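Here's the structure we're looking at; comments come further down.
The values are calculated or read from the model by the stated rules, or taken from the named source; none is laboratory data. As the structure is a prediction and not an experimental result, all values here were calculated from the model. All Cβ positions, even for glycine, are placed from backbone atoms using ideal geometry, and neighbour counts span all protein chains on display.
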Amino acid sequence: MDLVNKIRTGNTRAIAKAISLIENETREKEELIDSIHPFTGNAFVIGVTGPPGAGKSTIVDRFIQFERDRNKKIAVIAVDPSSPFSGGAILGDRLRMQTHATDPGVFIRSMASRGHLGGISTATAGALTIFDAAGFDTIIIETIGVGQTEVEVIEMADLILLTLVPGMGDEIQAMKAGIMEIADLFLVNKCDIDGADRLKSEIEYMLMLGSEQNKASLPPIKLASAKNNTGTEELYSSIFERLNLFKNSGLLASRRKIRIQKEIEHIFASKLKELLYIKLNMEENIGLWIERVYNREIRPYNFVNKKMMELTKENVL
């Protein structure tokens, strides 16, 4: 497959074409993913998440520069909110990162979430596979920034960086139930603003609540100002210290196996849905079923269970 060979050599156009094939759910998608799968498993995947306005894009921009200074190839998947009508990305390409647009060792791709909750686009997993096979050393997923619903990023990343800023008030309390618990590293960005030290203390307090860990074993909390490029190099070093720790402890392998598990489950679910739509002639019948449920002629669970039993008897399932 010529496209696979071009991807493996890092051909920019081939990579862009491959991701478009995945995003558009084309027939070639499955063969492409299977063909490049043997050449994956080498890239570190870092999830950068946090609320809007926390400076995630600026942090990623600094990170790109540090990687390139060390002659490493880096890819960025910037997941943007998308229009519920057209499915297209609202924010488009991140302007702060465009200084690297002409660098052949950098690939930045904005991807529409297409209404998918969890801060992640449904095509993100496929794009990760493409970038990995193309020889990128590091892949960053920058999520939308919608709060605690972004926990799905943990299923795709080797490490999660949660970026917060002073002045959030009670928002940090609301985050506790979700995103606060998935972070491997915390960043208090815009540390030149009043309240940065207080926010760091609040994060430590929240992490200690309900945890049996001592303070030394909690995820590190770093202070930085991405805009002023203060503390960013220390943050960069901390990220790779954590990644190496995860690698040596076996946690990295465990996370990657969970990623594979979720991918297999997703493939099964989509294939079963496709099969059901065909066998039940869903497009033609769904309107009638809706009317019957609406008119209280049939009960939804009872009806679906009967249909499933019929399919089982026919050895369809």
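Being part of a helix (DSSP H, G or I), of a type in the set (S, T, N, Q), under 30 Å from LYS29 (Cα atoms) and over 19 Å from the mean Cα position of the chain (by Cα): is that true of ASN285 here?
yes
Restricted to the stretch 103-132, and to residues that are in a loop (DSSP other than H, G, I, E, B) and either at pLDDT 80 or above or in contact with a Cys (Cβ under 9 Å, 6 or more places away or on another chain) (or both), which residue is surrounded by the fewest Cβ atoms within 10 Å (Cβ to Cβ)?
Selected residue: PRO104.
Quick one: LEU235 ticks every box in (1) at pLDDT below 95; (2) closer than 30 Å to THR58 by Cα; (3) within 24 Å of the chain's Cα centre (by Cα) bar one, so which box is it?
(1)
Do you know which of the residues in the stretch 50-100 that are among the small types (Gly, Ala, Ser) and in a strand (DSSP E or B) is modelled with the lowest pLDDT?
Once the filter is applied, the top-ranked residue is ALA89.
Look through ILE260, ILE298 and report the one residue that is more than 30 Å from LEU185 (Cβ to Cβ) and of a type in the set (A, V, I, L, M).
ILE298
Quick one: is LEU218 of a type in the set (A, V, I, L, M), in contact with a helix residue (DSSP H, G or I) (Cβ under 7 Å, 6 or more places away or on another chain) and either at pLDDT 95 or above or surrounded by 12 or more Cβ atoms within 10 Å (Cβ to Cβ) (or both)?
It is true that LEU218 is of a type in the set (A, V, I, L, M), in contact with a helix residue (DSSP H, G or I) (Cβ under 7 Å, 6 or more places away or on another chain) and either at pLDDT 95 or above or surrounded by 12 or more Cβ atoms within 10 Å (Cβ to Cβ) (or both).
Name the residue, out of LEU223, LEU251, LEU275, that is closer than 16 Å to ASP158 by Cα, surrounded by 12 or more Cβ atoms within 10 Å (Cβ to Cβ) and modelled with pLDDT of 90 or more.
So the residue among LEU223, LEU251, LEU275 that is closer than 16 Å to ASP158 by Cα, surrounded by 12 or more Cβ atoms within 10 Å (Cβ to Cβ) and modelled with pLDDT of 90 or more is LEU251.
Of all residues in the stretch 15-31, how many are without any contact (Cβ under 8 Å) to a residue 60 or more places away in the chain and either touching a His at 6+ places or on another chain (Cβ under 6 Å) or in a helix (DSSP H, G or I) (or both)?
6
A quick yes/no check of all residues on (1) on the phi < 0 side of the Ramachandran plot; (2) of a type outside the set (S, T, N, Q):
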| site | (1), (2) |
| --- | --- |
| LYS6 | yes, yes |
| HIS37 | yes, yes |
| ASN42 | yes, no |
| VAL45 | yes, yes |
| THR49 | yes, no |
| ASN71 | no, no |
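Among the residues of the stretch 46-60, what is the count of those that are touching a helix residue (DSSP H, G or I) at 6+ places or on another chain (Cβ under 6 Å) and crowded, with 23+ Cβ neighbours inside 10 Å?
4
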